[in-house]
Amino acid sequence: MKPSGLEYITIGQVLAPWGLEGKLKVEVITDFPHRLAPRSQFYVDRQPMTIAGTSWHKGKAIIKLEGIDSVEQAEKLRGKTLEIHHRQLETLPEGQYYHFQLIGLEVWTTEGKRLGKVIRVLSAPSNDNYVVGGEKGEILIPAIEDVVKSVDLESGRITIEAIEGLLDLNG
């Protein structure tokens, strides 16, 4: 079963107005922060918005949107998500995937045993880990070459080599 594709992908969330001129403090939720550069376009409630200016403060983006010129207008955007259309996605190198592409994929062992579906992806400095929900609860699968043998988005399937002890640790 192929997971359904997302039409819009979240890249940030408005935390609060910033100053009195309609600027917004944004939590960035993308590996491509250049998406928040001036003249970039994204969507809020499926309405297109264009960034007039961007600065950074303590890891948060401070953006000024075209047409948002007061703290009152900015306040209406508090808590809203910033999204891009799936056609705006960056092309990833072969063998790399967006987390949303992996969520919902079925996980099978090379021996043909179904373990469950990916319900979450946990990022870590060394490697990602797939949280797989199955009949016996959650299993943590390290996204490393020795374990993950193939990812087939078309068929909705990840095949893993259950290296010694992997399923015992999780079971």
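Just so you know, all these numbers are worked out from the coordinates, no wet-lab data involved. What you see is a predicted model, and the numbers here were worked out from it, not measured in a lab. Backbone-built Cβ (ideal geometry, glycine too); neighbour counts: all protein chains shown.
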Please work out the FRET efficiency for the pair Arg78 and Ala124, using the Cβ-Cβ distance as r and a Förster radius of 35 Å; give the result to the nearest 0.05.
0.65
Along each principal axis of its Cα atoms, how long is the chain end to end? Whole angstroms, biggest number first, please.
60, 29, 27
If I build a Gaussian network model for the chain, linking alpha-carbon pairs within less than 10 angstrom, which residue out of Pro125, Pro38, Pro142 has the largest mean-square fluctuation?
Pro125
For the chain, what is the charge dipole size about the Cα centre, in debye to the nearest 20, if Lys and Arg each add +1 at the Cβ and Asp and Glu each add -1 at the Cβ?
640
Just to verify a number: FRET efficiency for Arg39 and Thr109, C-beta to C-beta distance, R0 = 35 Å, to 0.05?
0.15
Counting only Cα, what are the radius of gyration and maximum Cα-Cα distance Dmax of the range 99-170, in Å?
11.0, 30
Counting other beta carbons within 10 Å of each residue's own, what order do Arg35, Arg87 fall into, fewest first?
Arg87, Arg35
P(r) over all Cα-Cα pairs of the range 8-88, 10 Å bins from 0 to the longest distance, whole percent per bin, short to long, reads 21, 61, 17, 1
Around Pro17, with a cut-off of 15 angstrom between Cβ atoms, what is the net charge of the other residues, counting Lys and Arg +1 and Asp and Glu -1?
+2
Residues with beta-carbon under 12 Å from that of Ile144, excluding Ile144: net charge, scoring Lys, Arg +1 and Asp, Glu -1?
-3
